[in-house]
Amino acid sequence: MNKITVLGLKEERSQLLASLMKLGVVEITQEEPGEDIGDKARNINVQAELNEIDSYMSEISRAIDILNFHVPVKKPIFSARRVISEKEYSEVVKDRNKIIEIARQINNCEDEIARFKGEEIRLNGFINSLNPWLDLDIPLDIASTRYTFCYTGSIAGNADIDSVKETLQNEFPATEILVARSDEERHYIAVIGLKTEEAGILNVLKNWSWNRINLRDVSGTAKQTLSHFLKQRESIEKEREANLSMIKELAGNRQLLEIVFDSFQIEKEKIEAKSRLVSTEFAFLMKGWLPAEHSEKIRDYLNSHFFCVVEIEAPAPGEEFPVMLKNGPVVESISPVIDMYGLPSSQELDPSFITFPFYMFFFGLMLGDGGYGLIIALVTGFILKKYRMEDSTRNFIKLIFFCGLATILAGFLFGSWFGISSLTKTALWIVPTEQPELMMSYAILIGIIHMFTGLFMKALNLIRRGKILDAVFDVGFVYIMLTGFILSLLPFAPGLSIPSSSAIVQTGYKVFIIGVVLVLLTQGRNSKNIVGKIFGGFPKLYDIVSFFSDCLSYTRILALGLASAIIGDIVNTLSMQLNGNIVLRVIVVTLVLLFGHTLNFALNALGAYVHSCRLQFLEFFGKFLEGGGEAFKPLKANTKYIIVETDLSAFLKSGTKSGII
């Protein structure tokens, strides 16, 4: 990675930023004007421009969401952004205002649909409230006359209507009760009486739980009002359908809306980049980073197309810079695992090339069944061949594909194919179900190799920083100590028969003591006082306990491999024990095998993926990877729907260099 500084003319600023965005290999850093410049230079305030663009993007995004809801488009399971030419992009952007109006039209139609929906809900509420009164043939909108009142309401369903009428008429002869409808809970009635007797009538009705019901927006009888409401609802439904039809008609502009949305996203990124520059009345200053392999081409391009000064230099020793991992088409498939953990520091080696083989091998040993690996490889291979995908998705599918190949290898090594026990005799290495103790020792040995490789990576990182003695003291001497520790424990290794008196074990004791002494003598070297220098190495001895516990972590390779093989064998045995009609038996056996192996495959494949990641993150990366690297974020079109193929797309050819660049 190199540093780039550009001093250019203000009138060429926008065009230069647009070109850099098309090139997509320059990260522009935030620069502040120096105090010595005073008010002559500044960072441009772009908040108003960003607010305006966000407003347009919000409108268009909502319109696209509306189209996706009402007029969904079936997309393949794996899809990628559309690739369009720069000419097509420019033609659409030229008519951007028209497309914005289409978005607003879609949004307005949706607003109308929502309003009509609310009105329809309100009318349905009115219609439901009229149901008890449909048999009542009196105007419901007249609550009183000069001398009388007419109230609608309800009384308790267990009340005797005749008794209620008789009681009221005995006390208030001019009173009339009309029954609209009755059910188990309530009687719906209309009470007509003299205004002078209103208080007394209502007081009597309270004895039967009188509840007055005010009917809103009624006109005439209940049936007349219902007819009016139904006509309103029919009219609203037509209006709603008309707006929905308009949305469906405008759905043909979906791709144009997507292009315009991404055009605003591109413009937004250019404006944000502009705010990171130091600008004066006539010039601007830009600083940033770019990959070293592209430096000369970028310098030549800028000098030939713009009136500017370009300075490119390597970072100072020890200076941190943005991290971009670059690997070949095979190793790059491990990037999802690296990204989950976090990027390495720019001063560290890229762990991808060494993580890839270990991850694949661990996954294969944990899943362990070659039949399952064959399924994974065939399915993911078909997906990679059939579909065009985004880089991140393709890398993940490639990762699973290589894991499938590793599982096929494990199938040959273990003789494990769909849990068929008779095939174990074809094993090229070991049958874990028959020799689990020996397999445990192998798993721990693989773990030791894995962790020693991590320590080796630590040494390389130290040497890269010029700390050769630190590599010898912190890695070389630890190697000696841990190697002696491992050899001294060989008599206790499961499945092995190595006596304590053997030469290799006795040598291990001596190597271990030498290693401990060397660690104690060197680990306190950085302490400022004599006590720290003498005793500073003692805490390092705890690494022995940590190393031993890490070794035991690798027994999960055995555990998951056994689980996959044993469950597969159980499923096969269970299916073969079924009796009965031959046709029914074939059907049931097929179902049992499909369900059992599918469940076994899903659970153990997930377990292999998760635990392989765990071994990398804790036992491996913990030995050497400090992390904390900042991702390289070049100025480029981070679009959502499209990829614009420009004339500059092929200007920069990928180099062959791998690692952190």
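The values are calculated or read from the model by the stated rules, or taken from the named source; none is laboratory data. Worth saying up front: this structure is predicted, and the values here are computed from it rather than measured. Cβ atoms come from the backbone with ideal geometry, glycine included; neighbour counts cover every protein chain shown. Accessible surface areas use protein heavy atoms only, side chains included; no ligands, DNA or RNA. Shrake-Rupley method; radii C 1.70, N 1.55, O 1.52, S 1.80 Å.
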For this session: Hey, can you tell me all the residues within segment 364-413 that are outside any helix (DSSP H, G or I) and either crowded, with 18+ Cβ neighbours inside 10 Å or in contact with a Phe, Trp or Tyr (Cβ under 7 Å, 6 or more places away or on another chain) (or both)?
Result: 368, 369, 387, 389
Exercise. Going by the structure shown, is residue 43 polar (S, T, N, Q) and loosely packed, with under 15 Cβ neighbours inside 10 Å?
Worked result: no
For this session: May I ask you to verify whether residue 13 is over 30 Å from residue 348 (Cβ atoms) and touching a Pro at 6+ places or on another chain (Cβ under 7 Å)?
Result: no
For this session: Identify all residues within segment 327-344 that are assigned to a loop (DSSP other than H, G, I, E, B) and either among the basic types (Lys, Arg) or open to solvent by less than 10 Å² (accessible area, probe 1.4 Å) (or both); write none if there are none.
Result: 344
Exercise. Condition test on residue 181, is it basic (Lys, Arg), at pLDDT 90 or above, under 30 Å from residue 644 (Cβ atoms) and open to solvent by 70 Å² or more (accessible area, probe 1.4 Å)?
Worked result: no
Seminar exercise, completed: Residues of segment 609-648 being surrounded by 16 or more Cβ atoms within 10 Å (Cβ to Cβ), aromatic (Phe, Trp, Tyr) and within 23 Å of the chain's Cα centre (by Cα), in sequence order, are 609, 632, 641
For this session: Could you grab me the full set of residues in segment 414-431 that are buried (at least 23 other Cβ atoms within 10 Å of the Cβ) and either in contact with a strand residue (DSSP E or B) (Cβ under 7 Å, 6 or more places away or on another chain) or closer than 29 Å to residue 331 by Cβ (or both)?
Result: 414, 416
For this session: Have a look at 359, 387, 372 and point out the one that is touching a residue at least 12 places away in the same chain (Cβ under 8 Å), out of contact with any helix residue (DSSP H, G or I) (no Cβ under 7 Å at 6 or more places or on another chain) and aromatic (Phe, Trp, Tyr).
Result: 387
Seminar exercise, completed: Residue set 555, 573, 598; condition open to solvent by less than 40 Å² (accessible area, probe 1.4 Å), of a type in the set (Ser, Thr, Tyr) and more than 30 Å from residue 520 (Cβ to Cβ); output residue 555
For this session: Scan segment 193-206 and give yes if some residue there is in a strand (DSSP E or B) and of a type in the set (Lys, Arg), otherwise no.
Result: no
Exercise. Among 311, 319, 296, 281, which is open to solvent by 50 Å² or more (accessible area, probe 1.4 Å), under 21 Å from residue 18 (Cα atoms) and modelled with pLDDT under 90?
Worked result: 281
Problem set entry | Qualifying positions in segment 350-359 - in a helix (DSSP H, G or I) and open to solvent by less than 10 Å² (accessible area, probe 1.4 Å) | 352, 355, 359
Exercise. Taking residue 584 and the conditions (1) touching an Asp or Glu at 6+ places or on another chain (Cβ under 9 Å); (2) loosely packed, with under 13 Cβ neighbours inside 10 Å, which numbered condition does it fall short on, given that it satisfies the others?
Worked result: (1)
For this session: Would you point out the residue of segment 209-238, among those that are open to solvent by 90 Å² or more (accessible area, probe 1.4 Å) and under 30 Å from residue 112 (Cβ atoms), that is nearest to the chain's Cα centre (by Cα)?
Result: 238
Seminar exercise, completed: Per the filter on segment 184-197, residues open to solvent by less than 80 Å² (accessible area, probe 1.4 Å) and either within 11 Å of residue 153 (Cβ to Cβ) or modelled with pLDDT under 90 (or both) are 186, 187, 188, 189, 190, 191
Exercise. Which residues, counting only those in segment 114-145, are touching a strand residue (DSSP E or B) at 6+ places or on another chain (Cβ under 8 Å), open to solvent by less than 50 Å² (accessible area, probe 1.4 Å) and outside any loop (DSSP other than H, G, I, E, B)?
Worked result: 132, 133
Seminar exercise, completed: For residue 394, the lone unmet condition from (1) of a type in the set (D, E, K, R); (2) more than 21 Å from residue 336 (Cβ to Cβ); (3) touching a Leu at 6+ places or on another chain (Cβ under 8 Å) is (2)
Exercise. Restricting to segment 490-543, what's the tally of residues that are touching a residue at least 40 places away in the same chain (Cβ under 8 Å) and either surrounded by fewer than 13 Cβ atoms within 10 Å (Cβ to Cβ) or hydrophobic (A, V, I, L, M, F, W, C) (or both)?
Worked result: 4
